[in-house]
Structure formats: structure tokens, C-alpha cells
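Asks: Sharing a structure below in C-alpha cells format, with a few things to ask.
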């Protein structure tokens, strides 16, 4: 092999994370490429979750609290906060999946792929929002006594409020919803948005 061929060969990995993902995926034989894509999709999903969770937390702590000063539930604020966070996460996920998870699918129009990706994500979002708005109060009430001893380790005088229960419940409902929706998003996008990519 001469030096010119070595220099013109594209690198097989682009970052340290690729090395780890490829090492894991290579153990799956003829399914290794799909496993690699799934692992990348999951990692992108984790980044999206951080965007989603962080945005919701900031919005609920600032301009969209889940309860008013009287302690009444503001379900509309919960829907707005989680919806804004969802859009931010969707844009992050689409961008990274197009660039990193499915680079061989970039021959398709980005606008068309974004529409397909967004449609699948909206179906997942709709189910997630129904789940969150139905479950957040009950989950907050159920889990606050479990988390309270941990909070008391750092703030011994802390007394939970309805707002704190609802914020905790929103976050727990989001975690459960995100896990379910991630699997929906991967398989639906693989079948529709990225169906032009070879399985191997």
C-alpha cells in the first residue's frame, strides 16, 4: 500500500464515541450496521432528552410554573413547557441523526426528511402529552415521599409543596414517556424516514 492511497482513504471513525459504538455493534454479525445505527440513535436521544428535560425544567422554574400561587394546577403551562421542550429536542435529534446516525441518507431532501421525522415525533409527542397530563399529579404525590429523604439530606428544613410535587411528577412522567417514545421513534423512522438506507 503506497502513501497516496493511505492519505486518500477516509477514516473509519470520526470521534471516540464511534470507536465504542463500532466495537459493541461488531459483536452482532450481519446485524452490526443496524445495531450501530440504533446505538447512535439512542445516544442522540440522550442528548435530545437533556435538551428536553433541561428546557422543561427551566421553563417550569421561570415563566411556565405548573401551579399558581394559590396551588391550583396550571395544566396549560405543563403542556406549553413540555411542548416547547419537545420542539427543541426534535430539532436537535433530527440534526444529529441526519449528520451522524444516517449520513448515507442525506441524498434525500432535508426538508422532506424533517417533515417525516417531525410527523413520527408528533405522533410520539401526542401520546407522551396525554400520558404526562394524566399522570403527573399522581406520580408527584406518589414519588415525593420517596425523594424527600434525599432532599432533606441537602435541605433539612425543606417542606414540599403542591408545585414541587407537580414538578417532580412532570419529570418522572417525562422520563417514562421518553423511554417509550424513543423506541417508537427509532423503529418508525427506520421504516419510513430512513428506509432508503441499506440494512447492512
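Asks: Which of the residues belonging to the range 140-164 are assigned to a helix (DSSP H, G or I) and within 20 Å of residue 62 (Cα to Cα)? Quick ask: steps written out before the conclusion?
Replies: Filtering the range 140-164 down to residues assigned to a helix (DSSP H, G or I) leaves 140-154, 162-164.
Once the filter is applied, which keeps residues that are assigned to a helix (DSSP H, G or I) and within 20 Å of residue 62 (Cα to Cα), the range 140-164 yields 140, 162, 163, 164.
Asks: Another one. Could you list, in sequence order, the residues of the range 78-135 that are buried (at least 18 other Cβ atoms within 10 Å of the Cβ) and outside any helix (DSSP H, G or I)?
Replies: Within the range 78-135, 102 is the sole residue that qualifies.
Asks: If you don't mind, there's one more thing I want to ask. Give me the pairs: first residue in the range 180-200 and under 15 Å from residue 115 (Cβ atoms), second residue part of a loop (DSSP other than H, G, I, E, B), beta-carbon distance under 6 Å, and six or more apart or on different chains, which are they?
Replies: Close Cβ pairs (under 6 Å, with a partner that is part of a loop (DSSP other than H, G, I, E, B)) amount to 194/102.
Asks: While we're here: Does residue 29 count as at positive phi, part of a helix (DSSP H, G or I) and at pLDDT below 95?
Replies: Numbers: at positive phi: yes; part of a helix (DSSP H, G or I): yes; at pLDDT below 95: yes.
Spelling it out, residue 29 is indeed at positive phi, part of a helix (DSSP H, G or I) and at pLDDT below 95.
Asks: Scan the range 59-77 residue by residue and report those that are in a helix (DSSP H, G or I) and surrounded by 14 or more Cβ atoms within 10 Å (Cβ to Cβ).
Replies: Passing the criteria: 59, 60, 75, 77.
Asks: Please enumerate the residues belonging to the range 186-200 that are at pLDDT below 90 and either surrounded by 13 or more Cβ atoms within 10 Å (Cβ to Cβ) or not in a loop (DSSP other than H, G, I, E, B) (or both). Walk me through it before giving the result.
Replies: From the range 186-200, those at pLDDT below 90 are 195-200; that's our starting set.
Passing the criteria: only 197.
The values are calculated or read from the model by the stated rules, or taken from the named source; none is laboratory data. Because the structure is a prediction, the values reported are computed rather than measured. For neighbour counting, all protein chains shown are included, and Cβ atoms are generated from backbone atoms with ideal geometry for every residue, glycine included.
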